[in-house]
Amino acid sequence: LSEGPVVKVRFSRAGGYAAGLELVGMAPRPTAVFVSSDLQAVGVLRALREAGLRVPEDMAVVAFDGTAESEWCWPPLTVVRQPLERMAEEVVRQLIEGPAGSPAAYPAELVIRRSCGC
């Protein structure tokens, strides 16, 4: 795919809402978006709904995080889930014991729900 527009906003529901409004006003309007966080994606979903757009039929939405909120919004969000608990444990361990030498790498998991149209 060719690179699409990038909308930079705060990492919050309100930031996502503002980004959603901007996306809705674009010509041509994107048919899919990847949102940096679940909270932002919830704001995007609200903006799309208020504009009368259907998710995923008019615009597919995928987010990054995989928080519990992602499965309780409508439609449930497709997400790239990161192992937050393991990451937090590693950060605490490094704060106590010091860095391990090489940076830690964590696997991500694609969780397909209704927002992507997959």
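Does Leu39 qualify as being open to solvent by 40 Å² or more (accessible area, probe 1.4 Å), closer than 26 Å to Glu109 by Cβ, in a helix (DSSP H, G or I) and aliphatic (A, V, I, L, M)? Give the derivation first.
Working: open to solvent by 40 Å² or more (accessible area, probe 1.4 Å): yes; closer than 26 Å to Glu109 by Cβ: yes; in a helix (DSSP H, G or I): yes; aliphatic (A, V, I, L, M): yes.
It is true that Leu39 is open to solvent by 40 Å² or more (accessible area, probe 1.4 Å), closer than 26 Å to Glu109 by Cβ, in a helix (DSSP H, G or I) and aliphatic (A, V, I, L, M).
When the range 14-31 is examined, which residues are found to be open to solvent by 60 Å² or more (accessible area, probe 1.4 Å) and either farther than 20 Å from Glu3 by Cβ or not hydrophobic (A, V, I, L, M, F, W, C) (or both)?
Keep residues of the range 14-31 that are open to solvent by 60 Å² or more (accessible area, probe 1.4 Å), which gives 17, 21-22, 25, 27-29, 31.
Within the range 14-31, Tyr17, Leu21, Glu22, Gly25, Pro28, Arg29, Thr31 qualify.
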*What single numbered condition from (1) within 27 Å of Leu45 (Cβ to Cβ); (2) at pLDDT 90 or above fails to hold for Ile96?*
(1)
*asked:* Test of understanding: among Val42, Val35, which residue is touching a Lys or Arg at 6+ places or on another chain (Cβ under 8 Å), aliphatic (A, V, I, L, M) and within 21 Å of Gly4 (Cα to Cα)?
replied: Val42
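Right, Ala51: free of Cβ contacts under 8 Å to residues at least 40 places away in the same chain and open to solvent by 30 Å² or more (accessible area, probe 1.4 Å) or not?
Numbers: free of Cβ contacts under 8 Å to residues at least 40 places away in the same chain: yes; open to solvent by 30 Å² or more (accessible area, probe 1.4 Å): yes.
So Ala51 fits the description; yes.
Output yes when any residue across the range 64-78 is of a type in the set (Val, Ile, Thr), within 26 Å of Ala27 (Cα to Cα), within 12 Å of the chain's Cα centre (by Cα) and surrounded by 10 or more Cβ atoms within 10 Å (Cβ to Cβ), and no when none is.
Taking the range 64-78 and keeping what is of a type in the set (Val, Ile, Thr), we get 67, 78.
Retained after the next criterion (residues that are within 26 Å of Ala27 (Cα to Cα)): 78.
Now narrow it down to the ones that are within 12 Å of the chain's Cα centre (by Cα): 78.
Subsequent filtering for residues that are surrounded by 10 or more Cβ atoms within 10 Å (Cβ to Cβ) retains 78.
Looking for residues that are of a type in the set (Val, Ile, Thr), within 26 Å of Ala27 (Cα to Cα), within 12 Å of the chain's Cα centre (by Cα) and surrounded by 10 or more Cβ atoms within 10 Å (Cβ to Cβ), one finds at least one in the range 64-78, hence yes.
The values are calculated or read from the model by the stated rules, or taken from the named source; none is laboratory data. Keep in mind that what you see is a predicted model, and the values were worked out from it rather than measured. Quick reminder, even Gly has a Cβ in these numbers, built from the backbone with ideal geometry, and neighbours come from all protein chains shown. For accessibility, only protein heavy atoms count, side chains too; no ligands or nucleic acids. Shrake-Rupley method; radii C 1.70, N 1.55, O 1.52, S 1.80 Å.
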